[in-house]
Amino acid sequence: MKTHIWGLPGLLLLAQSANAGLVYELGPEPEVDALIGAAEVVAARYEDTLVDIGRRVKVGYEELRLANPGVDPWLPGAGTEVVIPTAYLLPRAPRRGIVINIAEYRLYVYYQEGARSLVATLPASIGRMDWETPLGKTRVVAKARNPSWYPPDSVRQEHAADGRPLPRIVPPGPDNPLGAFAIRLGLPGYLIHGTNRPDGVGMRVTHGCVRLYPEDIEWLFPRAGIDMPVRIVNQP
């Protein structure tokens, strides 16, 4: 693996694991520490797709595709160098709670551990062009483990038109698209949740909700307290 450091001094990568996302310690000066992370170049394995690589390094599909325009996303080939675009400019928003930048397909969460100010960043799926994720300020209003899904009438009608009818209630389990954890926002009908189809994380594929990898929503769930502020922005 070859690593190219694009981050600034004073920003420390604290964790990069299946259960912690990308977590950085922030310095005291927002105008200085707006840039976090470092880009890398990794060699693809024979069996890899960009989706496989993305899940390992906490980068969504669209991020990887745009960073690697000459690479076949479904068959990069053994030894092919793949750019991992893990250098991020923090969104222009208060550094409190959760900030979702739909232009990046990414979620940021700010929190404290003792005297340390931390930010974690996670890849996310957002709403399709015809079901756009709404912008604005909201908050966490409820949380659920193993949630049931109550698809709205508009979604049920869409599925019925495609020949894939949905029941009024989808119970917890492998067929539930919310996955094992759901965080309800103050915007009626909108959630941050897991998924039973992780290959779609980092794409415009949802009906407006924000979808995370199963391991990432599990990590976020205990840290997202009731009334935690949530801002959804669009900052390319």
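Rounded to the nearest 20 Debye, what is the dipole magnitude of the chain about its Cα centre when Lys and Arg each give +1 and Asp and Glu each give -1 at the C-beta? Write down the numbers at each step before the final one.
Values: 25 positive and 25 negative charges, 144 e Å.
The calculated dipole for the chain is roughly 700 debye.
Along the Cα→Cβ direction, 7 angstrom out, place labels at Arg45 and Arg65. What is the inter-label distance in nm?
Using points 7 Å along Cα→Cβ, the separation is 2.4 nm.
Can you give me the Cα centroid spacing of region 31-105 and region 151-177 in angstrom?
31 Å
Based on the inverse mean of 1/r over its pairs of different Cα atoms, what is the Kirkwood hydrodynamic radius of region 56-122, in Å?
Here the Kirkwood hydrodynamic radius works out to 13.8 Å.
Tell me the relative contact order for the chain as a rounded percent, counting alpha carbon contacts under 8 Å between residues six or more apart.
Relative contact order comes out at 22 percent.
So for the pair Ala34, Arg197, with labels modelled 7 Å out along Cα→Cβ, what separation do we get in nm?
3.7 nm
Within the chain, what's the longest stretch lacking GluC sites (Glu not before Pro) that sit in DSSP loops with no more than 12 other Cβ atoms inside 10 Å?
The answer is 48-236.
Region 33-180: percent of C-alpha pairs farther apart than 23 Å?
The share of Cα pairs beyond 23 Å in region 33-180 comes to 54 percent.
Which percent of the accessible heavy-atom area of region 130-175 goes to carbon and sulfur, probe 1.4 angstrom?
Using a 1.4 Å probe with all protein chains present, region 130-175 comes out at 52 percent carbon and sulfur.
The values are calculated or read from the model by the stated rules, or taken from the named source; none is laboratory data. Everything quoted here is computed from the prediction, not taken from an experiment. Neighbour counts run over all protein chains shown; Cβ positions are idealised from the backbone, glycine included. Ligands, DNA and RNA are excluded from the accessible area calculation, which covers all protein heavy atoms including side chains. Shrake-Rupley method; radii C 1.70, N 1.55, O 1.52, S 1.80 Å.
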